Protein chains: 2
Amino acid sequence: MTEYKIEINLSSSRKQKPSFDSLEFGKNFTDHMFIVDYTRGIGWHDPRIVPYQPLTLDPACMVFHYGQTVFEGLKAYLTQEEEVLLFRPEKNMERLNRSNDRLCIPQIDEDLALSALKQLINVDREWIPNAPGTSLYIRPFVIATEPYLGVAPSGRYKFIIILSPVGAYYKEGINPVKIAVERQYVRAAIGGTGNAKTAGNYAGSLKAQEVAEKAGYSQVLWLDSKENHYIEEVGSMNIFFKINGEVVTPALNGSILEGVTRDSIIQLLKHWNVPVTERKISIDEIYQAQKDGILEEVFGTGTAAVISPVGEFFWQNEKLVVNGGKTGELSKKLYDTLTGIQLGTVPDPFGWTVKVEQQEGSKYTHNR
Amino acid sequence: MTEYKIEINLSSSRKQKPSFDSLEFGKNFTDHMFIVDYTRGIGWHDPRIVPYQPLTLDPACMVFHYGQTVFEGLKAYLTQEEEVLLFRPEKNMERLNRSNDRLCIPQIDEDLALSALKQLINVDREWIPNAPGTSLYIRPFVIATEPYLGVAPSGRYKFIIILSPVGAYYKEGINPVKIAVERQYVRAAIGGTGNAKTAGNYAGSLKAQEVAEKAGYSQVLWLDSKENHYIEEVGSMNIFFKINGEVVTPALNGSILEGVTRDSIIQLLKHWNVPVTERKISIDEIYQAQKDGILEEVFGTGTAAVISPVGEFFWQNEKLVVNGGKTGELSKKLYDTLTGIQLGTVPDPFGWTVKVEQQEGSKYTHNR
């Protein structure tokens, strides 16, 4: 492992912090950010923590034209003992590199990324909110910065981490949402970029979301691109169904994102001896289960919302209600357990949480 | 039609121009650029021509995370009479707005965009190269600039035009390329963003291109995502086949880009009474035609390369040669005619070229 020296340049002034009781998701950013550059022939170089600041980029930079970019999303939590916990951060960095591979972006040293993240959090430790449901959202991302209009992998990149104190993703708390099964648009195809966390997947999803919202639904349920028949994801989350006591979720097939929350839910269920299966699930099967009265719960999973119960879905001109439109018992238990583990109030038998020590990074060069 | 006032702020210094005899594609940019901003609730505002300069963007700007961006590509040509010609620019601005619609980006006034483009070209008129095969490549593009990490359409955008003097796209001139039929990766799916000119389509294509290049092929032939059987595009171009005297090209199906060059080729062929058909074309049909000795020519079409003949394709462990690996007669005639029309050396019966008058935009406010 290379020993990286992360330069730290602290901001001379500090921003006014927003009220931690009424935080909106992804709108406020802390005083500092992490940046490391990549140059072809040199590799990743000059890792540094600097005051949060605008990027100065040539208008020909490839990220603006050919979308060569990947990102991650994870959270830091402040415990009652004023400790800072990360939740399985190594999984995010592993996925970042899998996304990098799909997008022809050079691999990033995962130890550097984790060390940088911890040091950045320490620098902006006062920004971690402590009100119920709040956390510090972490956004690592890579952008292609070579100014060149040829369609080819960029010779220059920036890997950046920014931090945002956030409230709960859904302001109304863990309440069931209404979703519409999407029939016209698709999120991703086998052989495409669906299992990479890259910008284009999200840009392409906006139109369906817009149409669904106009019809009164807050998310779309994505079907596969080949047969328009098998369930893939809901909005930008993975999805689970509880049918007749058994939990099922679509198997990873190359077009579905390998969610860290998804994996944690599967592990939790197995730990509880709740039967859980990853397999192909058709929309017809879910429709029939609802008709037969055995569709007990439906919920989405993701870092931002953790668990998002589905109370109703719209399919072929029918509104199909799940669990009387209420949050199911299992959904609630999963939400409470997972957020409890993340916050350190519930035992963590899996060793998922990672403490950010105050002295983290003291071995690195500080330039104050 | 709204009368827009485009502010013009000329650069106090001028860059050294590159040698017009050895231009690389998309690496040099002129002295000025056009920008217009969009703000939700206000609309597009403050159109301006300014010195070519870096963009200053918050690291949370949505373009970096969710890829909400579209672009266009077209060219300006300097005739022997020192006139400046554009080729069907209104088609590009129409497509820009179709792409905008798919990506939930607000529509742009096409008259403003064309007027801005002409004025920008006049300001940087000395940058239009005149060596054979050269032109001024024009890159209009839109990026989402709201600093916000929620997955939703941005409330702020920038529409920018930059200019780049370019040589021929392929340095070796109009010489046949070798392509590999892609079996693992797909470019786009029905219901996806394939018919929009947006960044994510290009980011997703890099991996297949990388694999093909390592195997000695310069482009990939994309098959459809549903059956992996029907031909869609080649590299980032549309594709045509001449089989037994008839020209065929894949029909627009929602996942294929509606190329301006593609449309021009179809019109030219009809004008010449060469039979041309838009329809589904399977890779098996092309394979069989080659085996039967009736696959006469294959070529890609696009703004950058105009016509790119295919001399060989690789399919199921077989190298299949087209027209003895040489540029076909029809490919050559199409290339010569189209580039002749673009350069004003061949009659333009379609009214495709648009002259950029020297006094263009004199009705606008200049601030020199």
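The values are calculated or read from the model by the stated rules, or taken from the named source; none is laboratory data. Note that this is a predicted model, so its numbers are computed, not measured. Backbone-built Cβ (ideal geometry, glycine too); neighbour counts: all protein chains shown.
Residues that are within 7 Å of chain A (Cβ to nearest Cβ) and not in a loop (DSSP other than H, G, I, E, B) were ranked within region B:145-164; the one that is surrounded by the fewest Cβ atoms within 10 Å (Cβ to Cβ) is B:ILE160.
The single condition from (1) surrounded by fewer than 21 Cβ atoms within 10 Å (Cβ to Cβ); (2) within 9 Å of chain B (Cβ to nearest Cβ); (3) of a type outside the set (S, T, N, Q); (4) farther than 23 Å from A:ILE281 by Cβ that A:GLU227 fails is (4). Taking the criterion of being free of Cβ contacts under 8 Å to residues at least 40 places away in the same chain and not in a strand (DSSP E or B), the residues of region A:219-261 that qualify are A:ASP224, A:SER225, A:LYS226, A:GLU227, A:ALA251. You will find that of B:ASP284, B:ASP263, the residue that is under 21 Å from B:ILE174 (Cβ atoms) and acidic (Asp, Glu) is B:ASP263 and no other. Among the residues here, B:TYR77 qualifies as more than 9 Å from chain A (Cβ to nearest Cβ), among the aromatic types (Phe, Trp, Tyr) and either on the phi < 0 side of the Ramachandran plot or touching a helix residue (DSSP H, G or I) at 6+ places or on another chain (Cβ under 7 Å) (or both). Here region B:230-248 is the region considered, the condition is being β-branched (Val, Ile, Thr) and away from every other protein chain (no Cβ under 14 Å), and the residue that is farthest from the chain's Cα centre (by Cα) is B:ILE243.
When region A:13-42 is limited to residues that are in contact with a Pro (Cβ under 8 Å, 6 or more places away or on another chain) and of a type in the set (S, T, N, Q), the one that is nearest to the other protein chains (Cβ to nearest Cβ) turns out to be A:ASN28. Just to be sure, is B:ILE108 touching a strand residue (DSSP E or B) at 6+ places or on another chain (Cβ under 6 Å) and either away from chain A (no Cβ under 11 Å) or assigned to a helix (DSSP H, G or I) (or both)? The answer is yes for B:ILE108.
Summed over region A:80-100, residues that are assigned to a helix (DSSP H, G or I) and either hydrophobic (A, V, I, L, M, F, W, C) or without any contact (Cβ under 8 Å) to a residue 24 or more places away in the chain (or both) total 4. Are any of the residues in region A:134-144 of a type in the set (S, T, N, Q) and either under 30 Å from B:ALA304 (Cβ atoms) or assigned to a strand (DSSP E or B) (or both)? Yes, region A:134-144 contains at least one residue that is of a type in the set (S, T, N, Q) and either under 30 Å from B:ALA304 (Cβ atoms) or assigned to a strand (DSSP E or B) (or both). If you go through region A:9-16 one residue at a time, do you hit one that is among the hydrophobic types (A, V, I, L, M, F, W, C) and buried (at least 17 other Cβ atoms within 10 Å of the Cβ)? No, there is no match, as no residue in region A:9-16 is among the hydrophobic types (A, V, I, L, M, F, W, C) and buried (at least 17 other Cβ atoms within 10 Å of the Cβ). Before we move on, is A:ILE286 touching a residue at least 40 places away in the same chain (Cβ under 8 Å), over 22 Å from the mean Cα position of the chain (by Cα) and crowded, with 16+ Cβ neighbours inside 10 Å? Here the answer is yes, as A:ILE286 does meet what is asked.
Screening B:ALA251 on (1) at pLDDT below 95; (2) farther than 30 Å from B:ILE8 by Cα shows it passes everything except condition (1).
Has region A:100-111 got at least one residue that is over 29 Å from B:TYR185 (Cβ atoms), in contact with a Phe, Trp or Tyr (Cβ under 6 Å, 6 or more places away or on another chain) and not assigned by TED's automatic domain parsing to the domain that holds A:THR261? The answer is no; no qualifying residue exists. Sort out which residues of region B:325-358 are basic (Lys, Arg), in contact with a strand residue (DSSP E or B) (Cβ under 9 Å, 6 or more places away or on another chain) and more than 19 Å from B:TYR137 (Cα to Cα), and write them in order of number. Those that are basic (Lys, Arg), in contact with a strand residue (DSSP E or B) (Cβ under 9 Å, 6 or more places away or on another chain) and more than 19 Å from B:TYR137 (Cα to Cα): B:LYS326, B:LYS332.
With respect to the conditions (1) in contact with a Phe, Trp or Tyr (Cβ under 9 Å, 6 or more places away or on another chain); (2) exposed (fewer than 14 other Cβ atoms within 10 Å of the Cβ); (3) within 16 Å of B:ARG125 (Cα to Cα), B:VAL50 lacks only one, and its number is (2). Looking at B:ALA212, B:ALA208, B:ALA180, B:ALA188, just one residue is assigned to a loop (DSSP other than H, G, I, E, B), more than 7 Å from chain A (Cβ to nearest Cβ) and of a type outside the set (Lys, Arg), and that residue is B:ALA188. The set of residues in region B:43-60 being more than 11 Å from every other protein chain (Cβ to nearest Cβ), touching a residue at least 60 places away in the same chain (Cβ under 8 Å) and not aromatic (Phe, Trp, Tyr) consists of B:GLY43, B:PRO47, B:ILE49.
Cβ-Cβ under 6 Å, sequence separation 6+ or interchain: first residue in region A:121-140 and surrounded by fewer than 17 Cβ atoms within 10 Å (Cβ to Cβ), partner in a loop (DSSP other than H, G, I, E, B). Which pairs? Between residues of region A:121-140 that are surrounded by fewer than 17 Cβ atoms within 10 Å (Cβ to Cβ) and residues that are in a loop (DSSP other than H, G, I, E, B), the close pairs are A:ALA131/A:PHE20; A:ALA131/A:ASP21. Where strands (runs of 3 or more DSSP E) sit wholly within region B:22-79, those with at least 1 residues that are more than 20 Å from B:LYS5 (Cα to Cα) and of a type outside the set (A, V, I, L, M) occupy B:55-57, B:69-71, B:74-78. Restricting attention to region B:337-368, the residues that are charged (D, E, K, R) and modelled with pLDDT of 95 or more total 2.
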